[in-house]
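Structure record follows, encoded as structure tokens.
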Number of protein chains: 4
Amino acid sequence: MYRMPYGFGPTAGPRQGPDNGPFDWSNTPRRWSAAVSFLTDPKSLDHLLPPQFELAGEPVVTVEFFVLSELAWLAGRGYSMLQVRFPAAFGGNRDRAVGTFLSVLWENLADPILSGREELGFAKLWCDLPPPRIMGDRVTCAASWLGHEFAVLELSNLVEAEPRTPTYPGLGGSQNDGTLHYKYIPKTGEWGKAAVAHACLTPPAGNPTTQRLRIGTGQVTFKPTTWEQMPTQYHIVQTLAALPVLEQREAWCVETRGASDLSQQRALA
Amino acid sequence: MYRMPYGFGPTAGPRQGPDNGPFDWSNTPRRWSAAVSFLTDPKSLDHLLPPQFELAGEPVVTVEFFVLSELAWLAGRGYSMLQVRFPAAFGGNRDRAVGTFLSVLWENLADPILSGREELGFAKLWCDLPPPRIMGDRVTCAASWLGHEFAVLELSNLVEAEPRTPTYPGLGGSQNDGTLHYKYIPKTGEWGKAAVAHACLTPPAGNPTTQRLRIGTGQVTFKPTTWEQMPTQYHIVQTLAALPVLEQREAWCVETRGASDLSQQRALA
Amino acid sequence: MYRMPYGFGPTAGPRQGPDNGPFDWSNTPRRWSAAVSFLTDPKSLDHLLPPQFELAGEPVVTVEFFVLSELAWLAGRGYSMLQVRFPAAFGGNRDRAVGTFLSVLWENLADPILSGREELGFAKLWCDLPPPRIMGDRVTCAASWLGHEFAVLELSNLVEAEPRTPTYPGLGGSQNDGTLHYKYIPKTGEWGKAAVAHACLTPPAGNPTTQRLRIGTGQVTFKPTTWEQMPTQYHIVQTLAALPVLEQREAWCVETRGASDLSQQRALA
Amino acid sequence: MYRMPYGFGPTAGPRQGPDNGPFDWSNTPRRWSAAVSFLTDPKSLDHLLPPQFELAGEPVVTVEFFVLSELAWLAGRGYSMLQVRFPAAFGGNRDRAVGTFLSVLWENLADPILSGREELGFAKLWCDLPPPRIMGDRVTCAASWLGHEFAVLELSNLVEAEPRTPTYPGLGGSQNDGTLHYKYIPKTGEWGKAAVAHACLTPPAGNPTTQRLRIGTGQVTFKPTTWEQMPTQYHIVQTLAALPVLEQREAWCVETRGASDLSQQRALA
């Protein structure tokens, strides 16, 4: 597999090691995450969807902060993520799929951002994600961009629960094909046109083990943000800040081991 | 112009502001750069070229460290770059162009990396680029990735010269159409195949003013680097470290104002 | 001169090089600064003074953001500072001095913080100080601590002025002996007692050359900050945020070369 | 308890919260550490000792990398440390104590460096300490200063062991009064003289719970470092790099909960 710069040969990454083979994802990475969900107005979510997508189930937004460590493809290093997702369905000419749409995700390391955007079609952006602040049954996670803090997750009243893999809320027990994305790459020189534009699906994969689960209450705040404060991302933060919070839903803090290299990712049409 | 995440609407960037119009590049950014060149073995360079490219002129590699500031599209912020280039020619089915091939460039901020790769086809990667160290007539610039220093530029004996825009060496006075690139985006799910793969050209543009020029001697060192030290980029550093230095060429340190938004960038075929 | 760790021998720093001699400060560092001043209520300032200090002249607070580069003692590197000062007088048993009291200063590099606190008695703390944002006649400088932005300086309408060294406002043309400080080191094991507690004076020194001066308008904002957001420094930010701004005074943006190693710093009694 | 800046009132820190009371250290912080020990030449260590100190037991150096998290005094945040210690005895006019001498320790956050140096007499310095790289039974920890990597710890063949608190090697089963330090603060204006200079002792305190222990083999490398690469710390790295490694001793990786606020720290005379 190649990525730019092309001339130096294949580039190692999540899906191929220095010997071009896959990594072992059975027992690592470790993954710590804190998630907060809320019910919002479907009209606010609807216009965040790409072409051929529509809302599915309940309009429940989940914002989740991840700390990944012991990643084999990064030679034992880790990084952090902040994801925003909600239930949606894709209806294309060939494919139909229902799942949670990964609207935007921030990561604090550029290398997985590049492979994630270009190979997988994940809508990854960069920001600073300081380590979570943990004080007993309270957890605070924040995101900032060059000194401007634009998002804060606060969880409290966390109590131990029987370890299980939490399900993203909104689809209930109905069909869930995985995580939905929209890959878009502009066309060079023909500004405004696309070189690549299609939906993608991440089917369920990997067999992570949940080691600890805590359930509690939580809330997320996206802060007022101007063009001057985040000149390439203010429009995203403003849109998320404007989503009405009609009802707080569940909040969790979970620790797992093991994941997938996402090589099952595929284009939808 | 859109970039991922698509659903939040057009994304501001170097080529469109919050009102979707262009920025004024006539008097800013300020640009400080230090460059070192050396003659190498053409056989070593030849296999760094993408399809339909071949070497042109002399096989002289230029490594240049830039500090950009007062960028309008970043609301007055800046960032730094480390570029590696050498003369080459592209011969396609439709187009022919001669210029310097931008083999790889590192930047220390993800936002311009994303727009540069996806809109322009620049082979941008991320690394840490600490501010240059300046001690009288000596300058040292270094690049590191998560604590591993992989490149050092050292210039010395710098003396003031009449301000002019330095020319990248190797093509002499012959035809120079601009900077050449190879845009490559993988195809999701069909691993190993390309969704986008073509050459690009940056024609000369903008009207920068050179405010200060110093000429001296210099050298560049790419350090021994293992997969464990830079698991996504070691192959690039190893390749650059292996280029024989047959002869040091000129070294300069230059300060300019003004640039272009590179909207003249176009695909070659 | 020794600093901890003691056992490895003398420690190089601003006032002694690797050969134990002084550095040449005549032509470097370069210093870029942006300052904002405002008149406040003397009662608010009065209780920020250490023992044996009292207010002098007008109660005008100056907040100044510095970018230092080409520092010889850091082998050509630089760092940034944010300073808060106002006019005051020291009356001790032996010494009397009038000047501006350096109430607190933040720096974004620990090494000068340690030598500054321990050798000089400067009230230095650490924070992030991103490079200033410069957009034509406007300048914005900000300070943050692990993602929490706690101070913003905004200057506008900057116009070129005849280069001169700006004077900190408040003392008018009256006596000015330099910069005043209060050195305080706690006593180990006898918590609440001091091992060192005395005033210090930085007399005027060095012969900096002003290369560019711009004068304009400006304002400074210290943001609401809780213990959780800055657990070691919130009390300082809260106190500065509570200072009433009775009148904005002058704002400047200045560029100089040359400084002093501050070896004239002395204890007052 | 006060620290500079003095005028803003008492400063919260490890030993006093926003209400001036102590924190609860019984169950947090969490502490992950990796340690490597080696036998060296006593003559090399001897001249690293401050006045009134002498070597004790075997000349075994232990280098340990710590990751602290969930620190109550930092509102749930954490930081990392790299410590160098070896057995020594202090014989003063009044006190005698045997323990391990904490020769130097690096931390990646300035706030605990300031309280540690000034309140406790710990020989703390700042550097970057990226998160440890963990690959199954192998662990790599590194330290760098503004891009220059100066120390690497590598542990391998780690196998699970019965959880216990590891003991720093070298003193065998003989008397161990705790950790020894030498507090040194220079005198302002009388360069070369001390304002504070005395030994300190950290007696055993707190009741940490060991949750996981792994034992293996390991080695530490201090890299060649010039004044230009680390202008305030090169002499320390050079000295540590020159210590002969006569024999590798044990290496461990341990995870604990709970600590002490070190308020038992006291001056020796």
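Taking accessible area as the heavy-atom solvent-accessible surface of the protein chains with a 1.4 Å probe, which residues of region A:255-269 lose no less than 40 Å² upon going from the isolated chain to the full protein assembly? Relative to the lone chain, where solvent access is computed with a 1.4 Å probe, region A:255-269 loses at least 40 Å² at no residue. Peptide D:10-16 has a mean of 3 when you count, residue by residue, the C-beta atoms of other protein chains within 10 Å of its C-beta.
Counting Cβ atoms of other protein chains within 10 Å of each residue's Cβ and taking the mean over peptide C:147-157 gives 3.
Any number yet on Rg/Rh for region A:6-267, C-alpha, Kirkwood?
Numbers: Rg = 18.1 Å, Rh = 19.2 Å.
Ratio of gyration radius to Kirkwood radius for region A:6-267: 0.94.
The Cα center of region C:27-64 and the Cα center of region A:77-129 differ in position by 49 Å.
Chain pair A, B: how much accessible area is buried, both chains summed, with a 1.4 Å probe, in Å² to 100? Intermediate values should be presented prior to the final figure.
Working: alone 13350 and 13290 Å², together 20590 Å².
Chain pair A/B: roughly 6000 Å² of buried accessible area.
Per atom type, chain A shows carbon and sulfur on 49% of its accessible surface, probed at 1.4 Å.
In sequence order, region C:233-241 has phi-based couplings of 9, 4, 5, 6, 5, 4, 5, 5, 5 Hz under the Karplus curve 6.51 cos²θ - 1.76 cosθ + 1.60, θ = phi - 60°, and Gly or Pro positions carry x.
For chain A, the residue among A:Leu68, A:Val104, A:Trp191 whose Cα projects farthest onto the positive side of the dipole built from Cβ charges is A:Trp191. Here the dipole of region D:6-267 is about 240 debye; that uses its Cα centre as origin and unit charges on the Cβ of Lys and Arg (positive) and Asp and Glu (negative). Using a Förster radius of 56 Å, what is the FRET efficiency between C:Thr165 and B:Glu247 based on their Cβ-Cβ separation? Nearest 0.05, please. For C:Thr165 and B:Glu247, the calculated efficiency is 0.70. Contact-buried residues of region C:167-188, at a threshold of 20 Å² lost accessible area versus the chain by itself: C:Tyr182, C:Lys183, C:Tyr184, C:Ile185, C:Pro186, C:Thr188 (1.4 Å probe; DNA, RNA and ligands ignored). Put simply, when A:209-219, A:231-241, A:103-113, B:50-60 are sorted by average Cβ atoms within 10 angstrom per residue, most first, you get A:103-113, A:231-241, B:50-60, A:209-219. Each copy carries B:Asp19; placing its label point 7 Å along the C-beta direction from Cα gives inter-copy distances of 5.4, 5.9, 5.9 nm, listed from smallest up. In this Cβ point-charge picture (+1 for Lys and Arg, -1 for Asp and Glu), region A:72-174 has a dipole of about 260 debye about its Cα centre.
Shown for D:Asp95: label points 7 Å from Cα along the beta-carbon vector, and their distances to the equivalent points in the other copies, 3.1, 6.9, 7.4 nm in ascending order. Remark: accessible surface ordering of C:Lys187, C:Lys223 (largest first) is C:Lys187, C:Lys223, probe radius 1.4 Å. Accessible surface area normalised per residue over chain D is 35 Å², counting heavy atoms of protein chains with a 1.4 Å rolling probe. Sorted largest first, the principal axis extents computed over the alpha-carbon atoms of region D:189-269 equal 49, 35, 23 Å. Our helix-only sum for chain B, with -39,500 (n - 2.57) per DSSP H run of n ≥ 4 divided by its residues, gives a mean residue ellipticity at 222 nm of -1500 deg cm²/dmol. Computed over region D:45-175, the quotient of the alpha carbon radius of gyration and 2.2 N^0.38 Å is 1.18. Placing one equal scatterer on every Cα of region D:112-269 and applying the Debye formula, the log10 ratio I(q)/I(0) at q = 0.21 Å⁻¹ is -1.49. One quarter of the surface of the convex hull around the alpha-carbon atoms of region C:113-165 equals 5.6 nm², the direction-averaged projected area.
Using C-alpha pairs under 8 Å with a sequence gap of at least 6, the mean separation divided by the residue count of region D:6-267 gives a relative contact order of 24 percent.
Inter-copy label distances for B:His47: 5.0, 5.5, 7.4 nm (label point placed 7 Å from Cα along Cα→Cβ; shortest first). With R₀ fixed at 56 Å, the C-beta to C-beta distance from A:Gln264 to C:Asn93 puts the FRET efficiency at about 0.10. For region A:2-66, taking Cα atoms only, Rg and Dmax work out to 19.1, 49 Å respectively. Based on every Cα atom in the protein assembly as shown, Rg and the maximum pairwise Cα distance Dmax equal 29.3, 90 Å. For region D:187-202, backbone phi angles converted through the Karplus equation (6.51, -1.76, 1.60; θ = phi - 60°) give residue-by-residue couplings of 8, 5, x, 10, 4, x, 9, 9, 8, 9, 7, 7, 6, 9, 10, 9 Hz, Gly and Pro being listed as x.
Using Cβ point charges alone (K and R +1, D and E -1), the dipole size of region C:18-103 about the Cα centre works out to roughly 60 debye. Within region D:21-99, the ratio Rg/Rh, alpha carbon atoms throughout and Rh by Kirkwood, equals 1.11.
The values are calculated or read from the model by the stated rules, or taken from the named source; none is laboratory data. Keep in mind it's a predicted model, so treat the numbers as computed, not measured. When we count neighbours, we look across all protein chains shown, and the Cβ atoms used for this are built from the backbone with ideal geometry, even at glycine. Keep in mind that these areas ignore ligands, DNA and RNA; they rest on the heavy atoms of the full protein, side chains included. Shrake-Rupley method; radii C 1.70, N 1.55, O 1.52, S 1.80 Å.
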